[in-house]
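A.B. asks: Starting off with a structure, shown below.
The values are calculated or read from the model by the stated rules, or taken from the named source; none is laboratory data. Just so it is clear, the structure is predicted and the values come from calculations on it, not from any experiment. Quick reminder, even Gly has a Cβ in these numbers, built from the backbone with ideal geometry, and neighbours come from all protein chains shown.
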Amino acid sequence: MDVARDEVHERALGAYLGFAVGDALGATVEFMMPAEIQHTYGIHRDLIGGGWLKLKPGQITDDTQMSLALAQSIIDSGGWNATAAADAFVAWLKTRPVDVGNTCRRGIQRYMADGTLAGQPNEGDGGNGACMRNLPLALATLHDGDAFTRATREQCHITHHHPLSDAATLALGRMTQALIHGGGIKGCRAEASRLTGEFPVFRFDPYPRHASGYIVDTVQTVLHHFFRTDSFESCVTEVVNCGEDADTNGALAGMLAGAAYGVSGIPGYWLKKLDKEVRQRIEAQTEALFRLAQNVKKDA
């Protein structure tokens, strides 16, 4: 048995399942403000569904759905393929999903109309929609940093063409990869410092206390709570109780915390309530993406 490989796989699966758990937990309180959450739930910590989308307990939103679509396109193509990814997003949009971000919808519809895989740079593309779905690429290119960088930019630009979106998506992906490889909080901090050094707008200390869907607010919220907590549960709970774009922020916090603490660090009562079909797909996709990454490593 390769213990090191098993530990890496445990953290990779933790990142993907943690992402889905954070999405499902945060969806209940999306668009609520912290005082409103406190008045309604005290501290929101249960997978109860509901919210403005009227979800079932454990049901996920567009964050996880788009990630699943992207992952399947990578698996079916045997690696990153921008056209396959865009086609997967089109197929997903045609299922009439429960929620679609405006920028994501606009980018997918542009591709449907003219076949272009990237929109023009746009100040309005500074949302978190490209960042929220990039985890499968981080897993598929786990051992190839250059491939991750190239593919991530292409993935982002299908719907979001903005320097802050690119920077954040790359940074959170590299942080996740560092954690999966066992680099721990120290390795993660180094990547966060690189991001804030190059783009000071992302500085999160002191925390500005904005948790909207703007990519800067998302990164500040996720990193502030990730670095000040010491467990998956405390990290994700604190993030979703900030409200606002709680499903995406919760998902990205769950991604980092899952990569840090492994799937065994995710509370069983959350995993049990997570949509069973989603959990099974994530487990199967993680294994397939992990094999792809290993094959790339062998070929290098």
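A.B. asks: Would you please name the residue that is nearest to residue 212 (Cα to Cα), looking only at residues in the stretch 100-115 that are in contact (Cβ under 8 Å) with a residue 40 or more places away in the chain and in a helix (DSSP H, G or I)?
C.D. replies: Among them, the one singled out is 103.
A.B. asks: Next question, about the same structure. Please work out which residue is farthest from the chain's Cα centre (by Cα), limiting yourself to the stretch 163-209 and to residues that are within 14 Å of residue 224 (Cα to Cα) and in a loop (DSSP other than H, G, I, E, B).
C.D. replies: Here the answer is 206.
A.B. asks: Do we find that residue 46 is acidic (Asp, Glu), surrounded by fewer than 24 Cβ atoms within 10 Å (Cβ to Cβ), closer than 23 Å to residue 280 by Cα and in contact with a Ser or Thr (Cβ under 7 Å, 6 or more places away or on another chain) in this structure?
C.D. replies: Values: acidic (Asp, Glu): yes; surrounded by fewer than 24 Cβ atoms within 10 Å (Cβ to Cβ): yes; closer than 23 Å to residue 280 by Cα: yes; in contact with a Ser or Thr (Cβ under 7 Å, 6 or more places away or on another chain): no.
Spelling it out, it is not the case that residue 46 is acidic (Asp, Glu), surrounded by fewer than 24 Cβ atoms within 10 Å (Cβ to Cβ), closer than 23 Å to residue 280 by Cα and in contact with a Ser or Thr (Cβ under 7 Å, 6 or more places away or on another chain).
A.B. asks: Test residue 118 against the criterion of being over 29 Å from residue 52 (Cβ atoms), of a type outside the set (Val, Ile, Thr) and surrounded by 14 or more Cβ atoms within 10 Å (Cβ to Cβ), and give yes or no.
C.D. replies: Answer is yes for this residue.
A.B. asks: If you check residue 284 against the conditions, is it small (Gly, Ala, Ser) and modelled with pLDDT under 95?
C.D. replies: Judged against the criteria, residue 284 is not a match.
A.B. asks: Scanning the stretch 139-154 for residues that are assigned to a helix (DSSP H, G or I) and in contact with a Lys or Arg (Cβ under 8 Å, 6 or more places away or on another chain), which turns out surrounded by the most Cβ atoms within 10 Å (Cβ to Cβ)?
C.D. replies: Among residues in the stretch 139-154 that are assigned to a helix (DSSP H, G or I) and in contact with a Lys or Arg (Cβ under 8 Å, 6 or more places away or on another chain), the one surrounded by the most Cβ atoms within 10 Å (Cβ to Cβ) is 148.
A.B. asks: Can you pull out the residues in the stretch 55-99 that are part of a loop (DSSP other than H, G, I, E, B) and surrounded by fewer than 19 Cβ atoms within 10 Å (Cβ to Cβ)?
C.D. replies: Correct list: 56, 57, 78, 79, 81, 94, 95, 96, 97, 98, 99.
A.B. asks: With the structure loaded, tell me whether residue 241 is surrounded by fewer than 24 Cβ atoms within 10 Å (Cβ to Cβ) and either touching a Phe, Trp or Tyr at 6+ places or on another chain (Cβ under 8 Å) or in contact (Cβ under 8 Å) with a residue 12 or more places away in the chain (or both) or whether it fails that test.
C.D. replies: Details: surrounded by fewer than 24 Cβ atoms within 10 Å (Cβ to Cβ): yes; either touching a Phe, Trp or Tyr at 6+ places or on another chain (Cβ under 8 Å) or in contact (Cβ under 8 Å) with a residue 12 or more places away in the chain (or both): yes.
Judged against the criteria, residue 241 is a match.
Results for (1) touching a residue at least 24 places away in the same chain (Cβ under 8 Å); (2) crowded, with 21+ Cβ neighbours inside 10 Å; (3) over 27 Å from residue 103 (Cα atoms), shown as yes or no for each residue.
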{"position": "181", "(1), (2), (3)": "yes, no, yes"}
{"position": "188", "(1), (2), (3)": "yes, yes, yes"}
{"position": "193", "(1), (2), (3)": "no, no, yes"}
{"position": "199", "(1), (2), (3)": "yes, no, no"}
{"position": "211", "(1), (2), (3)": "yes, yes, no"}
{"position": "215", "(1), (2), (3)": "yes, yes, no"}
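A.B. asks: Looking only at the stretch 30-66, how many residues end up being farther than 18 Å from residue 232 by Cβ and within 18 Å of the chain's Cα centre (by Cα)? Talk me through it step by step, then tell me what you get.
C.D. replies: First pass over the stretch 30-66, keeping only residues farther than 18 Å from residue 232 by Cβ: 30-42, 48-57, 59, 61-62, 65-66.
Subset that is within 18 Å of the chain's Cα centre (by Cα): 30, 59, 61-62, 65-66.
Total satisfying the criteria: 6.
A.B. asks: Follow-up. So in the stretch 210-230, with the set limited to residues that are among the polar types (S, T, N, Q) and outside any helix (DSSP H, G or I), which one is nearest to residue 166 (Cα to Cα)? Give the derivation first.
C.D. replies: The initial filter retains those residues of the stretch 210-230 that are among the polar types (S, T, N, Q), namely 212, 218, 220-221, 229.
With outside any helix (DSSP H, G or I) added as a condition, the list becomes 212, 229.
On the way: 212: 18, 229: 26 Å.
It comes out as 212.
A.B. asks: Test of understanding: among 60, 108, 48, which residue is touching an Asp or Glu at 6+ places or on another chain (Cβ under 6 Å) and modelled with pLDDT of 95 or more? Spell out how you get there, then give the answer.
C.D. replies: Working: 108 fails: touching an Asp or Glu at 6+ places or on another chain (Cβ under 6 Å); 48 fails: touching an Asp or Glu at 6+ places or on another chain (Cβ under 6 Å).
Of the residues listed, the single one that is touching an Asp or Glu at 6+ places or on another chain (Cβ under 6 Å) and modelled with pLDDT of 95 or more is 60.
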